[in-house]
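> Have a look at this one.
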Amino acid sequence: MRDKVQALAGGMMVSIIVLVIAGIFIGVGAGVVNQMSATDSVIWALFKLMLDLGLMVMRNLPPFFAIGLAFALAKSEKGWAAFTGFTMFMCFNVAIGSIAAFHGWTQETTSVASLMNDAGYDKVAAQNFNSLWGESLGIFAYNMGIFSGILVGCITAWIHNRYYKFEMPALLSFFSGPRAVVIFAYFAIMPIALFVYYAWPPIAGALQSITTLITSSGIFGSFLFGVFDKGLLPFGLHHLIAFPIEYTRVGGVMEIDGVVYEGVRNIMNGQMSSPEATSYITHNFTSGRIPIQIGGLTGAAYAMYVTAKTANRKKVAAIMVPAVFTAAVIGITEPLEYTFLFVQPFLFFAVHVPLNGLAYVITEMMGVSIHGNQLLFMVPNLLQPEKVHAWALLWIIPLYFAIYFYTFKFFILKFDSKTPGREEEDGDIALYSKEDFKKKKEQTSKGLPVEIIKALGGADNIENVTNCATRLRVSLHDESLTASDKVWKQQLNAIGVVRMNKGIQVIYGANVITIASGIKEALGVDS
């Protein structure tokens, strides 16, 4: 079960890619459009196009998740899986709308005015019932947000993986294989839609209760989010905490310029695009990452540098500087975090995790209001500085640098932790000549996938290969055939290894997608 949940979390990253691009387009486009009065100029039209392209994604998230999850979770014939995912998503919404129409619910009859005047609802009940409904790609159905996309994507992948090799009778052989999955999806959607039609209203009510709990718990809720978001990282389950808060109504609902946005990320993107908004929400479950990624982990890296053996410090700096840059600029923190997680778990769980939760509390109490939590994605703030309220970061970030530096330095020395440069054998951080570098680079680009396959117990031992933002996720027939952690780290360039029943996760960082593609190519399977 845990493997399936982790696969779901990893699969969601496929859809998140387009959200990152959309956020940049909204930030740059809105930053220019909201400042210009000459709406008939070519420049205005160009940046308005950027804004519209970004908003297109934000207003149509469910189909992106349906397609992305179907693609990511399919074991083979991924193109057919994605096509079936979109087909099934459209069928799902049409079916919900059709069932609703049978019960007398249409876009007109579910309006607040109609419910109050014709159905006898009071205003609050009418608003609550109306919020259940919406449109997706022009189809009237339940307003399920990305939950509809996740549900359809997962069901599509399950049907696809089970039947993509299905053989039809000779007369219907054209419809064999993945084509059969499309047919099965049409039949499957009818009972699924019927079940969801009756199940969604109580589920929506429960989600509203969760929303109320989170929003009413104030800074304590922010602290818990920060703790769980980081504490679940080693198990690959942190996305399941962040996604509902960031992209669904669990994180809150806000109407901006006549458009309803669900989830804190979507709300902030809506505020960024709005010429009327004067700031971003502070109870946003994102600003707390800024002190950690820019200040805290930089301090931890400096502590590991200072506590390294004097002879090894230049080598350690060569490792730490790129990792610090990646964390601050792009927001990928795992290379640094796994450096101390695997050598001293105490530093991660007893120091890093609670300080992460505290960062969310401090930024919220100080009213930090800024879009983005990595330097790269903060650039659009320069175009709309009037919406940014983040002066407190000027002292919070240095404070976190100091706390992490002195805390990590103390515990590294106290426990004699074997962080980089403190090992008895320093082969891990050996320097290479230019010729060695060329050979290693060639081995990395051409031979690494083959060596990884060997370390996984051979091609016959591999059931499925996927990846998320930083991890190679592999399902295995026999996990005991895999190489030791020492081999992974010293010979195969891995940052860390997480082992589980019938599977393994190998942390490589941001370049994992090219490694995964190389492995799939070597195995001769779909990318």
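No value in this document is a laboratory result; all are computed from the given coordinates. Quick caveat, the model's predicted, so the values are computed rather than measured. Don't worry about glycine lacking a Cβ; one is built from the backbone with ideal geometry, like all the others, and counts go over all protein chains shown.
> Determine the shape class of the chain: with a ≥ b ≥ c the square roots of the Cα gyration tensor eigenvalues, call it rounded for a/c under 1.5, and otherwise prolate if a/b is greater than b/c, oblate otherwise.
In terms of gyration-tensor shape, oblate.
> In sequence order, what are the phi-derived ³J(HN,Hα) couplings for segment 380-390 according to the Karplus relation 6.51 cos²θ - 1.76 cosθ + 1.60 with θ = phi - 60°, rounded to whole Hz, with x for glycine and proline?
Values per residue, Gly and Pro as x: x, 4, 5, 7, 9, x, 5, 8, 9, 10, 9 Hz.
> Using only Cα atoms, locate the centre of segment 361-413 and the centre of segment 103-138, then give the distance between them in Å, rounded to an integer.
So the separation of the two Cα centres works out to 43 Å.
> How much length is gained if the chain between Asp122 and His238 is pulled fully straight, taking 0.36 nm per residue apart and subtracting their Cα-Cα distance, in nm to one decimal?
Gain on stretching Asp122 to His238: 37.7 nm.
> Using packing as a proxy for protection, rank 143-153, 94-104 so that the peptide with the highest average count of other Cβ atoms within 10 Å comes first.
Order by mean packing, descending: 143-153, 94-104.
> I need the shape label for segment 13-166. Rule: rounded when a/c is under 1.5, else prolate if a/b > b/c, else oblate, with a, b, c from the alpha carbon gyration tensor.
oblate
> If you line up the long axis of helix 78-102 against the longest principal axis of the chain, both from Cα atoms, how many degrees apart are they, to the nearest 10?
The answer is roughly 30 degrees.
> Hey, another quick one. Ser111 versus Ile219, label points 7 Å from Cα toward the beta carbon: distance in nm?
Distance between label points: 4.6 nm.
> So, one more: Measure off 7 Å from each Cα along the Cα-to-Cβ vector at Met36 and Phe184, then give the distance between these two points in nanometres to one decimal.
Going by the 7 Å Cα→Cβ label model, 5.1 nm.
> Placing +1 at every Lys and Arg Cβ and -1 at every Asp and Glu Cβ, with all other atoms neutral, what dipole size does the chain have around its Cα centre, in debye to the nearest 20?
1340
> Which residues make up the longest stretch of the chain clear of GluC sites (Glu not before Pro) that lie in a DSSP loop with no more than 13 other Cβ atoms within 10 Å, not counting the sites?
Counting only loop sites that pass the neighbour cut-off, the longest clear stretch is 277-423.
> Next up: How many angstrom lie between the Cα centre of segment 324-339 and the Cα centre of segment 158-186?
Using only Cα atoms to place each centre, the spacing works out to 44 Å.
> Pop out the ³J(HN,Hα) list for segment 247-258 in order, Karplus 6.51 cos²θ - 1.76 cosθ + 1.60 with θ = phi - 60°, rounded to Hz; leave Gly and Pro as x.
Residue by residue, segment 247-258 yields 10, 10, 5, 4, x, x, 10, 8, 9, 10, 6, x Hz.
> Please give the residues of segment 83-106, grouped as numeric ranges, whose backbone N is less than 18 Å from a label point set 7 Å along the Cα-to-Cβ vector of Leu194.
So the set is 91-104.
> Shifting gears a bit: For each pair in Lys309/Lys409; Lys78/Lys502; Lys454/Lys520; Lys418/Lys486, compute the distance between the two Cα atoms and list the pairs where it is over 20 Å.
In this structure, Lys78/Lys502 exceed 20 Å between Cα atoms.
> Run the quick spin-label model on Lys418 and Met500: label points 7 Å from Cα toward the beta carbon, then report their separation in nm to one decimal.
2.7
> Provide the packing ranking of 111-119, 402-410, i.e. peptides ordered by the mean count of other C-beta atoms within 10 Å per residue, highest first.
The most tightly packed comes first, giving 402-410, 111-119.
> 222 nm [θ] for the chain, helices only, -39500 (n - 2.57) per DSSP H run of 4+, per residue, to 500?
-18500 deg cm²/dmol
> With charges set only on the Cβ (+1 for Lys and Arg, -1 for Asp and Glu), what does the dipole of segment 59-210 come to about its Cα centre, in debye to the nearest 20?
Computed charge dipole of segment 59-210: roughly 520 debye.
> Expected output is a single nm value to one decimal: the length gained when fully extending between Phe349 and Val379, i.e. 0.36 nm times separation in residues minus the C-alpha distance. What is it?
7.6 nm
> Please work out how much length the chain gains when fully extended from Leu399 to Lys454, using 0.36 nm per residue of separation minus the C-alpha to C-alpha distance, in nm with one decimal.
Contour length minus the Cα-Cα distance gives 15.2 nm.
> Let me ask something additional. Out of the chymotrypsin sites (Phe, Trp or Tyr not before Pro) in segment 337-399, which ones are loop residues according to DSSP with at most 11 other C-beta atoms within 10 Å?
Trp391
> Name the residues whose placed amide hydrogens come within less than 5 Å of the amide hydrogen of Ser136, ignoring near sequence neighbours (fewer than 5 apart) on the same chain.
When sequence neighbours closer than 5 places are left aside, the close amide H contacts are Ala141.
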